[in-house]
1. Using the structure shown, decide if Ala209 is buried (at least 16 other Cβ atoms within 10 Å of the Cβ) and under 19 Å from Ser245 (Cα atoms).
2. Hey, any hits in region 211-218 for a residue that's out of contact with any helix residue (DSSP H, G or I) (no Cβ under 8 Å at 6 or more places or on another chain), of a type in the set (Gly, Ala, Ser), at pLDDT below 90 and over 22 Å from Ile130 (Cα atoms)?
3. In region 172-217, what residues are within 17 Å of the chain's Cα centre (by Cα) and in a loop (DSSP other than H, G, I, E, B)?
4. Only one residue in Ser245, Ser299, Ser285, Ser236 is exposed (fewer than 15 other Cβ atoms within 10 Å of the Cβ) and either on the phi > 0 side of the Ramachandran plot or of a type outside the set (Val, Ile, Thr) (or both), so which one is that?
5. Just checking: which of the strands (runs of 3 or more DSSP E) contained wholly in region 86-164 hold 2 or more residues that are over 21 Å from Ser243 (Cβ atoms) and over 16 Å from the mean Cα position of the chain (by Cα)?
6. Between residues in region 79-101 that are touching a residue at least 60 places away in the same chain (Cβ under 8 Å) and closer than 17 Å to Trp305 by Cα and residues that are among the charged types (D, E, K, R) and surrounded by 14 or more Cβ atoms within 10 Å (Cβ to Cβ), which pairs lie under 6 Å by C-beta distance while being six or more apart or on different chains?
7. Tell me which residues, restricted to region 34-70, are polar (S, T, N, Q) and at pLDDT 60 or above.
8. Going by the structure shown, is Thr190 more than 22 Å from Ser243 (Cα to Cα) and either in contact with a helix residue (DSSP H, G or I) (Cβ under 9 Å, 6 or more places away or on another chain) or of a type in the set (Ser, Thr, Tyr) (or both)?
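The values are calculated or read from the model by the stated rules, or taken from the named source; none is laboratory data. Here the structure is a predicted model, which is why all the values come from computation and not from measurement. A quick note on method: Cβ atoms are made from the backbone with ideal geometry, for glycine too, and the neighbour counts reach across all protein chains shown.
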Amino acid sequence: MNYRSLLIACLAVLGLAGAGRGQADDSPPVLPTGIGQAATSSGGEAWVVGAIRRLTDYSASYKAPTWSPDGQHIAFGFAHSGGAKVYVMGSDGSNPRRLTDHPAWAALPTWSPDGRHIAFVSEGGGASDIYVMGSDGSDRRNLTNDSHWDWSPSWSPDGQHIAFVSRRGSAGKAEIYVMGSDGSNPRRPTDHLGQVESPSWSPDGRHIAFVSERGASDVYVIGSDGSNPRRLTGRSADDRSPSWSPDGQYIAFESNRDGDWGIYVMGSDGSNPRRLTDHLADDRSPSWSPDGQYIAFESNRDGDWGIYVMDIASYTGGEPTAAAETSWGQVKSLLSTH
């Protein structure tokens, strides 16, 4: 299998290469639906999950929601009729807009810390490259322009660098690279035994979480200079898509360790993993809001794929630290007793 076929197959698994059904128009209408509640606990510390609200309502594939730094918007990949584009909508699901209008597919957006730009991956010249554009879709520029496959961009907190995954190394092995935000001076901080995926910067810029695939997929963390690699998960299951909390204390991730794909959270050192969503469907690709009170994710819990947002709060033997009231109205928090 060549690299193009491999990446298309991966995108199909992730829900980006599949054709949607329903309306012929590729502009996704929005209708918030499906409010639910759940809770989980572990020992003396618990995570309270309040409202779970669907932001999109369209029969197509959605992937990798990501919050703008001001918390007002969510960018995401949207696939319909075989083509993936980058969209942005209000954090309440309002006013979806298509940012990319190019024959090639585009996906996996990530915001610059100042909110003025979005990096994303798109196909060009027979391979995938990292591009950047204005947050309104203007001024699209190719950053990598490499003959190998580059994908999964992640912007550093200071806005000076972008981490990404590339197969430009020996034998086409996927490794993490870091380049300047203008595409300059790419360097490879990882030299890992397994294929790597999904780099995510810590809020202080000192670490990068990523996924390593050696049989099962596990979440690792390294220094941003490549030092001190450490494995955070390891249960003979697949753990993927790490996302740091704004305060750097926690990492949300997706896992199938309980059979179906759910959203989990753990300490940034890998301690005390616990499940946030408990549904027979698949919940994937968590993304923390800048204020730490919400997690956006993708799910097929209503029979087709959509983007959802859940309210969360953590506490240790006391009251939740985040307000139990949202812009959608009062939410009753449920606490588990086990």
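1. Working: buried (at least 16 other Cβ atoms within 10 Å of the Cβ): yes; under 19 Å from Ser245 (Cα atoms): yes.
Yes.
2. Yes, region 211-218 contains a residue that is out of contact with any helix residue (DSSP H, G or I) (no Cβ under 8 Å at 6 or more places or on another chain), of a type in the set (Gly, Ala, Ser), at pLDDT below 90 and over 22 Å from Ile130 (Cα atoms).
3. Ser202, Pro203, listed by residue number.
4. Details: Ser245 fails: exposed (fewer than 15 other Cβ atoms within 10 Å of the Cβ); Ser299 fails: exposed (fewer than 15 other Cβ atoms within 10 Å of the Cβ); Ser285 fails: exposed (fewer than 15 other Cβ atoms within 10 Å of the Cβ).
Sole residue among the options that is exposed (fewer than 15 other Cβ atoms within 10 Å of the Cβ) and either on the phi > 0 side of the Ramachandran plot or of a type outside the set (Val, Ile, Thr) (or both): Ser236.
5. Working: elements: 106-111, 117-124, 127-134, 150-155.
The qualifying strands (runs of 3 or more DSSP E) are 117-124, 127-134.
6. Partner pairs satisfying both residue conditions: His80/Asp26.
7. Taking region 34-70 first, the residues polar (S, T, N, Q) are 37, 40-42, 56, 59, 61, 66, 68.
Passing the criteria: Thr56, Ser59, Ser61, Thr66, Ser68.
8. Numbers: more than 22 Å from Ser243 (Cα to Cα): no; either in contact with a helix residue (DSSP H, G or I) (Cβ under 9 Å, 6 or more places away or on another chain) or of a type in the set (Ser, Thr, Tyr) (or both): yes.
Criteria not met by Thr190.
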